[in-house]
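Heads up, the thing below is written out as structure tokens.
Just so you know, all these numbers are worked out from the coordinates, no wet-lab data involved. Everything numeric in this text was worked out from a predicted model, so none of it was measured. Glycine also receives a Cβ, built like all others from the backbone with ideal geometry; neighbour counts cover every protein chain displayed.
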Amino acid sequence: MYVGAFTDSKNCNNWRSRACKTTCSLRYESFFKSSNLSLPSLLQFLYFWSVDIQSHAFLRRHLQRSPNTVVDWKSFMRDVCIEDLIINQEPIGGPGTVVEIDESKFGRRKYNHGRLLTGQWVFGLYEQGTDNVLMIPVPDCSGATLLAIIQRYVLPGTTIQSDGWAAYNVVPAAGYAHYTVNNFENFVDLIDGAQTQGMENAWDMVKKTQRRGQTTNPELLESHLIEFCWRRKNKGNIRYSIVKCIRELYPVV
């Protein structure tokens, strides 16, 4: 088979068989098969996504597409990140490594100030010295809930550092070395050097990303957190990594 020397408005090129004289779209059984966007527009969108352009107005203007199309494709890309992490996510930490843990609440403040009235608790884990960060929505911040996540995602022998949240008192009983810092007094514990600044910085970054992308739907929070973690894990090589994921998840057969 070879790429025929003819074009159409949407697919640009088609496959043509020398033997049976039949043709089929380049989209056939591919990642792009259900899209009405032209292939140049799809490739342009992949580029914008890979450089983390979140503005809907920018994407609508440059792709000349409806708001729904932009939303759908951004959602589709988050699905790719989710599938990749489900398949390839490995436990973090291990002997000789340090994992910071912390909790944060995502939501809205009444009149943009004052006490946080509604929101979703999220538990975070960050492996120091790496780009490995996990953010997992949880129904509560009880010791049992958080310990189950730690045991699932953190390898035995890891040193865990946290703030003084009472729920973390269960960590040593699970066999992990555990050090705490009182963030009201110091950012870094003056005795053992414990800190949670890496995880705190990750919280700041993901919340800025949400504000920049105007993410307000609480039902989409988890998928946005996963996209952030995926980008963090693959930073410096986003374009190659997302194409590799698409190729693995949507092989052309």
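The table that follows gives values for the structure above.
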read-out: Net charge over other residues, Cβ less than 14 angstrom from the Cβ of GLU90 (K, R count +1; D, E count -1); value: -1
read-out: Cβ-based net charge around ARG239, under 12 Å, with every Lys or Arg adding one and every Asp or Glu removing one; value: +2
read-out: Point-to-point label distance, LYS105-THR145, nm (Cα→Cβ direction, 7 Å offset); value: 1.2 nm
read-out: Cβ-based net charge around ILE136, under 13 Å, with every Lys or Arg adding one and every Asp or Glu removing one; value: -3
read-out: Normalised alpha carbon radius of gyration of the stretch 127-171 [divisor 2.2 N^0.38 Å]; value: 1.17
read-out: In order through the stretch 62-76: 3J(HN,Hα) via Karplus (6.51 cos²θ - 1.76 cosθ + 1.60), integer Hz, x for Gly, Pro; value: 7, 8, 6, 10, 6, x, 5, 5, 4, 4, 4, 6, 5, 5, 4
read-out: Estimated vicinal HN-Hα couplings, Hz - the stretch 83-93 in sequence order (Karplus 6.51, -1.76, 1.60; Gly, Pro = x); value: 4, 5, 5, 4, 7, 10, 5, 10, x, 9, x
read-out: Whole-Hz ³J(HN,Hα) from phi, Karplus 6.51 cos²θ - 1.76 cosθ + 1.60, for the stretch 39-50, glycine and proline x; value: 4, x, 5, 5, 5, 5, 4, 4, 5, 4, 5, 5
read-out: Estimated FRET transfer efficiency (GLN197, TYR47; beta-carbon r; R0 41 Å; 0.05); value: 0.80
read-out: Theoretical gain in end-to-end length, SER66 to TYR240 [0.36 nm per residue, Cα-Cα removed]; value: 59.9 nm
